[in-house]
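Shown next, in structure tokens, is the structure this report addresses.
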Amino acid sequence: MARPFKQQRDPQATPRRPKTDFKKLDVDENTTPEPTQRLHKLMALAGLGSRRDMEEMIASGRVTINGETAKVGAGVTQYDVVRVDSRPLKLNFEPELPQVLIYHKPEGEIVSQDDPEGRASVFDKLPRIKQGKWIAIGRLDINTSGLLIFTNSGELANRFMHPRYEVEREYAVRIFGELTEGQMLTLTQGIELEDGPASFDSISPQGGEGANHWYQVIIREGRNREVRRLFEAFQLPVSRLMRVRFGPVNLPPRVKRGTMLKLEQKQVVDLLEWAGLEVPRTPMKQLTQREKDKATSVFVPKVRKQRNSVLDRDPSNRKPRDSNARENSRPAGRMDAGSQDVDKKTGLNKPIARKPANRRVRQTSDLTAPAMQKKSDRNRGRG
């Protein structure tokens, strides 16, 4: 029996439902509104950079709040959706205890993540971090060694580096030559450089051998090659420069060149109190004895492998495949066809038994007409 067609309903005959009258709920005046926090502050707490960097990122239009372009100084709540370059960003309204690393930087490494020359970078050795990114507190040029601090807190990094805080930086300097009393007095009073006046807070001789002399200097600025340029003003080149202290953080003697140390939680709390930043209210993480030993031990960072994307993408730069690579990769006991092996009992060479090639079996359809005739005559004679 054929299935009857389904009757189509007439939309005009169907009675419309009455429109629901939605009314806006009255807001209780006694309810405490959700507190808002500055967007650039929360982004800095997330480890994306300093507050100044976050303000520049917001001004460039890369950040949106609930689908609308954010403005500098905007406030957000925990219910707002924030995106950076169309990617959702998780913001922590309750600050967490940041991480701080101490690294004894050797000469020959740059403090930069992008280098067209492909030189060794300190960021290649940093351990991976789950939240945010590592921020280098202060820079050291490629020929300068010593204390380098990394953190995932943009606010803490800003407290160290912003010029208005004038955080002390202490260096051990070795020069080729010797300063006079008048020259040391001039260096503390100030010298006019290309980018403005500069001076040391203090300078003290530390002895030396031969033509090389060591000095201990303290400066409150972080201009490019400022320490070297101050000595070069008196035609005294710097042969060795090492930072030994940055603010309240000293370079521990047990942290040798090229090694790293992670600060303990209590040390990080002391650092936040020195910086005048809010200490998280959440209780500290309880560590096992193994975790405590690992946290307080100096370690040598492992260099992560960096792929050269330009060479990998260009097929012309790849090495040609060697035709003999397959033969060279064979086990030592295997030999080519026709070669011989030595019999252990007789000591004579014996041919290696090779598996015959998989050949095609001759079919009757392959035979020609004369061959078929001969085959039929041969079968008759046998009969």
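Read the figures in this text as sums done on the coordinates, not as results from a lab. Since we're looking at a predicted model, the values are computed, not measured. Ideal geometry is used to build each Cβ from the backbone, glycine not excepted, and the neighbour counts take in all protein chains shown.
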Checklist entry - Going down the list Lys105/Lys266; Lys256/Lys285; Lys105/Lys285; Lys105/Lys125; Lys133/Lys266; Lys256/Lys302, which pairs span over 18 Å between their C-alpha atoms? => result Lys105/Lys266; Lys256/Lys285; Lys105/Lys285; Lys133/Lys266
Checklist outcome for this item: Within the under-15-Å Cβ sphere about Lys130, not counting Lys130, Lys/Arg +1 and Asp/Glu -1 give a net charge of +4
Next on the checklist: In the stretch 240-258, whose amide N lies under 15 Å from the spot 7 Å out along Cα-to-Cβ of Glu107? List them in ranges.
Outcome noted: 240-243, 257-258
Checklist outcome for this item: Subtracting the Cα-Cα distance of Thr282 and Arg223 from 0.36 nm times their residue separation yields 17.5 nm
Item to check | Calculated FRET value between Arg257 and Leu185, using beta carbons and R₀ = 25 Å, to 0.05 | outcome: 0.15
Checklist entry - Using 7 Å Cα-to-Cβ label points, what is the Asp80/Ala233 separation (nm, one decimal)? => result 4.6
Next on the checklist: For the stretch 78-169, take every pair of Cα atoms, bin their distances at 5 Å starting from 0, and report each bin as a whole percent.
Outcome noted: 2, 11, 19, 20, 18, 14, 8, 5, 1, 0
Item to check | Whole-number D in µm²/s for the stretch 100-295 (Stokes-Einstein; Kirkwood sum over Cα pairs; 4 °C, 1.567 mPa s) | outcome: 70
Checklist outcome for this item: Length gained if Asp114 through Glu273 is fully extended, taking 0.36 nm per residue and subtracting the Cα-Cα distance, is 53.9 nm
Checklist entry - What nm distance separates the two modelled labels at Asp124 and Glu94, each placed 7 Å from Cα along Cα→Cβ? => result 4.1
Checklist entry - Working from the pairwise distances between different alpha carbons, so that the mean of 1/r is found and then inverted, what is the stretch 37-88's Kirkwood radius in Å? => result 10.6
